[in-house]
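The values are calculated or read from the model by the stated rules, or taken from the named source; none is laboratory data. A quick note: this is a predicted structure, and the numbers were derived from the prediction, not measured. All Cβ positions, even for glycine, are placed from backbone atoms using ideal geometry, and neighbour counts span all protein chains on display. Side chains are part of the model used for accessible areas, which takes the heavy atoms of the whole protein and leaves out ligands, DNA and RNA. Shrake-Rupley method; radii C 1.70, N 1.55, O 1.52, S 1.80 Å.
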Amino acid sequence: MARRRKGLARKQLRVAPYFIALLALTGLLWLSAFAGVGFKSFPMPKLGLDLQGGMSMVLSAELPDGGTPDAESMEQARQIIEDRVNGTGVAEPEIYVEGTNNIVVNVAGDQTDADQLREVGAPAELRFRQVLQGPLPDYTLQDPADFEDEPNDGAEDGESGDESGDASESPSADGSESPSADGSETPSADSSESPSGEASVSPSGDASESPSGEPSESPSEPAAEDPAETNPDIEQRREEVRAKIGEDVWAMAESLVASGTPVPTDQLAVYMQALAPFGELLGEEVAVLSPEMQFFIPTIGCGQLTGRPAGSISPMDQQVVACDRATPEEVAAAEESGQSPYGKYLLAPSTVEGRDVSTAAMQQDQQSPGAWAVGLTFTNDGQDRWMTLANEAVNTQVAVVLDNVVVTAPTIQPGAANGGTVEITGGFTSDQARLLAEQLNYGSLPLAFDVETIDTVSATLGLDQMEAGLLAGGIGVALVILYCLAYYRFLGVIVILSLIVSGALLYPAIAMLGEQIGFTLTLAGIAGFIVAIGITADSFVVFFERLKDEMKEGRSPRSAVPRAWVRARRTIMSANAVSILAAIVLYFLAIGAVKGFAFTLGLSTVMDIAVVFLFTHPVVSWLSRRGRILSSSRLSGLYSGTAIRVQPSRRAVTRPKES
Amino acid sequence: MNPFSKVVRVWRTLYHGDNNYNFMGYRPWWYGLSAALALVSIVGIAVVGFNLGIEFSGGSQFTAPATQSDATLDDVRGAVESTGVEVASAQEFSGGERYLIRTELVGEDESLEIRDVIGSELGITADDVDVTEVSSSWGSSVSRQAIIALCVFLVLVSIYLWWRYERKMAGAAIAGLIHNLVFTAGVYALVGFEVTPGTVIGMLTILGYSLYDTVVVFDKVDENTRGTLAQSRYTYQDGANLAINQTLMRSVNTSIIGLLPVAGLLFVGAGLLGVGTLMDLALVLFVGMLTGSFSSLFLSTPLLVDFKLIEPAYKTHTRKVLAKRSAGGDAAKDAEEIREEITADVESEVDSDLDSDGEPEESEEYDVTAEAEPEGDRRALAGTAPRPGARGSRRPPKRRRR
């Protein structure tokens, strides 16, 4: 007996590590789930749009030849669409590439207007526009402290006399009189910050190295007609914005525009304060203002300008305002120095557009080795228009405008108007040059997009669906539990406990994944969990049926359990591997709601393996050595060989031992 | 004996695992049945065709809560039609608390107008009317991706099964899977269930489940037949037949336990909601899992046996065993006897697996010596007597070990 006890003690010790591992795993998951919400609240899964309400749109890229777009253009398109969606002012949009040619736009919340977002996939035309004024820095991104260093006397000049009340409230009383050198923000000094400041256009083969970009300071032609004069709709919307801004501020803005010059740097702080209401406008509201207002009002930032609805500045016969782009490094550098990484341009009506470009390709910069340039040829008609534009704009900048953004604004070298291949240089890296060439080739979106599906779900419908999903889950779990209790009796309790453990592992996992990788739980995802209940419970079935087989052979539970486990383990692993494989393939290849389904199905299956290995088997193993629950067929639903030998086959019992 | 008690008896036999039906002897019948089902399905698909949802033709769908006013579904339908848009279908769901109107694909302005009309009819604002808009290409792009996913999955899972078991098992499993898919599609065509992208993706998830079932059976077949060639008392077919019998209850349980949650899903999806992803998924899973059990039991395993019998080694072996049996006057060898022999061989496999489990002291405690002996006696014998069935010499020369 002593030896036996020793054996038992050893076995109990062997069960303990499993439970400890399970506890550690569960604890770890819960801990990280709580850490995800900063221990402030109970971690909740991130709900999908169909459960919390919102709008979901699928845009599909169409290639003329019906081919598949490459991943790079899709990613580029995704970023541009993200910019556009952000510009509409919706909260926390989620934009991702799905499959090979879909881009999904998800916006939570009820207030989203689907029609407003419908246009985000529209391709914008490429325009060449002469730079009339600019770049002006985007003062809204600048460190306000810079303005305060400016001398403030004379802030109230004639232009803003009626606004003196407002202006005097600005923090101008610090008495600092001397202008600090680095605070000087004249447009010309700032030009080198624009990514395009040093770009130049020269005919290929032109040996002259282009000088650094020199923005033109004065409009070379009178302002074109204001769109509002021809379009009563814009006029009316402008009135609405005017009412929103307030008469006083509006009048101040108008007088600033009338001066036709940017705000002097020494008065910036005052203007920034006084014209602050303009900074609150949405992109679509900014779009209805006159180009001069958009340009001269310092509180209108590049975020707003970029966020104007797509196509806002595509009319060719109008003056427009646009900001340039900045690379992430430039943004980082600008943030460090408290400067603006972007510049605002006032641009002339366009004469050359995207369809005039015949080809654009990256090539080696012939003047500066190691750098890249973009070679550009025009169509026959385009060539004539380009030469006219280049002749007019010699020694000034011409901006390449895509969507709402100035992609580059090179200075036109005298040779650029001679015809032939035009080269845009500017010390580009190969990536920059490739991007620019692609943009010149395809327009802003490297691909044309169609709206595939739009789905709006109101919060109440979302709640209904959520309840339905949970009800379905509840019914599913209840049915499985009832069946298992009826079939396996006491072992059914172990099934229930295992399912609870599985739930305790899954819940924090979903909550954590929602925080970490933005996994959202959708209705299809809930369906995945419900279907997975079957798969999880089935692992127990495989194990218990094996156990039943073993005990039918006449073994005691104590010896049947390890034998059954060795066999069941393999089956469970093989079968689950197939399930996981299916889930992975679905997740990565299928499109639509199935992704959520596949994810939860796969996650559940992985957790199932953990539960079977760390909980179900150890518990059954432990029970098999404790008490007589498993030995009693009445309690366990298993049936012991000795108990049933009355039944069918006599041979099974008395099989003579082979010699 | 009345039919009910007969059912009870069959269930009892299954429950106790005492069933030993000769499934494999009726292989031609199963093939015939499978072929007939596949044929009916294919004809159904070809002649009747699928009832495709709006996702395949393109269209707009408006849903709105109907509890704020007394307007009936017909009122709303009439109102929408008054805008000049053709209504494809109108239905209630969520137990009549919501209306759903499907129309042709409408533009931005029409969409707004319809929402206004529905809103005023139902006493709600236009914003409370939910819109789903699907272009005509969406359904086909979902299906295209689904077919790509299907192909990739088939290739990967074939490789897995090949590596895990063997080439023939992979072939038989895939054949059963394809049959399952065709059968499910046939049911959809013949019954006229609506096919949506949800259905298509649901079909894909059947893949995993159907194979899950097959793998459970094949795992047992694999176990039962590893030693086949090393003895001459039973054939490969006997081993496979026993495997089906041994896993029959597991297959039944697997199917029931798999179907129960799906039934809950179907009840809520179809019964309470009436439309949408839940219903589409639940329905296709329900149909697919029902047909899946059939495919794995009555097509995959018989196919495996026939695939195996193509191999000369197994062919000769089967002939030898049968010849030996008839020579011994035991042509109709008792199924129970075969069962005994196979299980005994498998026992030795498990023992060696246990030994290699790194827990030798555990096997010391096993008392597998006296299968029919009372428990008390067994304790006394623990760890001393040699086991029957531990016929190491008869083990097949090449054993899979994992």
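Data overview
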quantity: Residue count for the range A:557-571, restricted to those that are in contact with a helix residue (DSSP H, G or I) (Cβ under 6 Å, 6 or more places away or on another chain) and either over 25 Å from residue A:602 (Cα atoms) or at the interface with chain B (Cβ under 9 Å from one of its Cβ atoms) (or both); calculated: 10
quantity: Yes/no for residue B:161 being more than 9 Å from every other protein chain (Cβ to nearest Cβ) and in a helix (DSSP H, G or I); calculated: no
quantity: Residues of the range B:114-140 classified as out of contact with any Leu (no Cβ under 9 Å at 6 or more places or on another chain), facing chain A (nearest Cβ under 8 Å) and outside any helix (DSSP H, G or I), total; calculated: 3
quantity: Of all residues making up the range A:368-404, the number that are open to solvent by 70 Å² or more (accessible area, probe 1.4 Å) and on the phi < 0 side of the Ramachandran plot; calculated: 8
quantity: One residue from B:304, B:278 being open to solvent by less than 10 Å² (accessible area, probe 1.4 Å) and within 11 Å of another protein chain (Cβ to nearest Cβ); calculated: B:278
quantity: Failed item, numbered, when residue B:317 is tested on (1) modelled with pLDDT of 80 or more; (2) surrounded by fewer than 19 Cβ atoms within 10 Å (Cβ to Cβ); (3) more than 30 Å from the chain's Cα centre (by Cα); calculated: (2)
quantity: Residue list for the range B:180-194, filter: in contact with a Phe, Trp or Tyr (Cβ under 9 Å, 6 or more places away or on another chain), of a type outside the set (Phe, Trp, Tyr), open to solvent by less than 10 Å² (accessible area, probe 1.4 Å) and away from chain A (no Cβ under 14 Å); calculated: B:189
quantity: Residue match in the range A:575-585 (condition: more than 9 Å from every other protein chain (Cβ to nearest Cβ), modelled with pLDDT of 85 or more, part of a helix (DSSP H, G or I) and closer than 25 Å to residue A:19 by Cβ); calculated: no
quantity: Tally of residues being farther than 23 Å from residue A:23 by Cβ, part of a helix (DSSP H, G or I) and in contact (Cβ under 8 Å) with a residue 60 or more places away in the chain across the range A:499-528; calculated: 7
quantity: Among the candidates A:313, A:300, residue that is in a loop (DSSP other than H, G, I, E, B) and closer than 19 Å to residue A:398 by Cβ; calculated: A:313
quantity: Some residue of the range A:589-604 being in a helix (DSSP H, G or I), open to solvent by less than 10 Å² (accessible area, probe 1.4 Å), within 7 Å of chain B (Cβ to nearest Cβ) and within 30 Å of residue B:348 (Cβ to Cβ); calculated: no
quantity: Matching residues in the range B:120-134 - criterion: being surrounded by fewer than 19 Cβ atoms within 10 Å (Cβ to Cβ) and at negative phi; calculated: B:120, B:125, B:126, B:127
quantity: Lone qualifier among A:258, A:251 - being closer than 12 Å to residue A:296 by Cα, in a helix (DSSP H, G or I) and touching a helix residue (DSSP H, G or I) at 6+ places or on another chain (Cβ under 9 Å); calculated: A:258
quantity: Any hit, the range A:256-267, residues being under 23 Å from residue A:90 (Cα atoms), acidic (Asp, Glu) and crowded, with 18+ Cβ neighbours inside 10 Å; calculated: no
quantity: Test: residue B:267 is open to solvent by 20 Å² or more (accessible area, probe 1.4 Å), assigned by the TED database to the domain that holds residue B:181 and within 11 Å of the chain's Cα centre (by Cα); calculated: no
quantity: Filter result (open to solvent by 10 Å² or more (accessible area, probe 1.4 Å) and at positive phi) within the range A:511-569; calculated: A:518
quantity: Any chance residue B:174 is surrounded by fewer than 19 Cβ atoms within 10 Å (Cβ to Cβ) and either of a type outside the set (Gly, Ala, Ser) or outside the structural domain of residue B:262 (by the TED database) (or both); calculated: no
quantity: Conditions (1) open to solvent by 10 Å² or more (accessible area, probe 1.4 Å); (2) modelled with pLDDT of 80 or more; number of the one not met by residue B:197; calculated: (2)
quantity: Residue within the range B:35-54 that is within 14 Å of chain A (Cβ to nearest Cβ), open to solvent by 40 Å² or more (accessible area, probe 1.4 Å) and of a type in the set (A, V, I, L, M, F, W, C) present; calculated: no
quantity: Those helices (runs of 4 or more DSSP H) lying entirely in the range B:1-113 with at least 1 residues without any contact (Cβ under 8 Å) to a residue 60 or more places away in the chain and not assigned by the TED database to the domain that holds residue B:129; calculated: B:3-16, B:27-43
quantity: Residue ID - nearest to residue A:407 (Cα to Cα), chosen from residues in the range A:79-129 that are open to solvent by 40 Å² or more (accessible area, probe 1.4 Å) and at pLDDT 75 or above; calculated: A:79
quantity: Residue A:481 being in a helix (DSSP H, G or I), at pLDDT 80 or above and within 14 Å of chain B (Cβ to nearest Cβ); calculated: yes
quantity: Matching entry among B:239, B:227, B:176, B:208 (being closer than 28 Å to residue B:47 by Cα and not β-branched (Val, Ile, Thr)); calculated: B:176
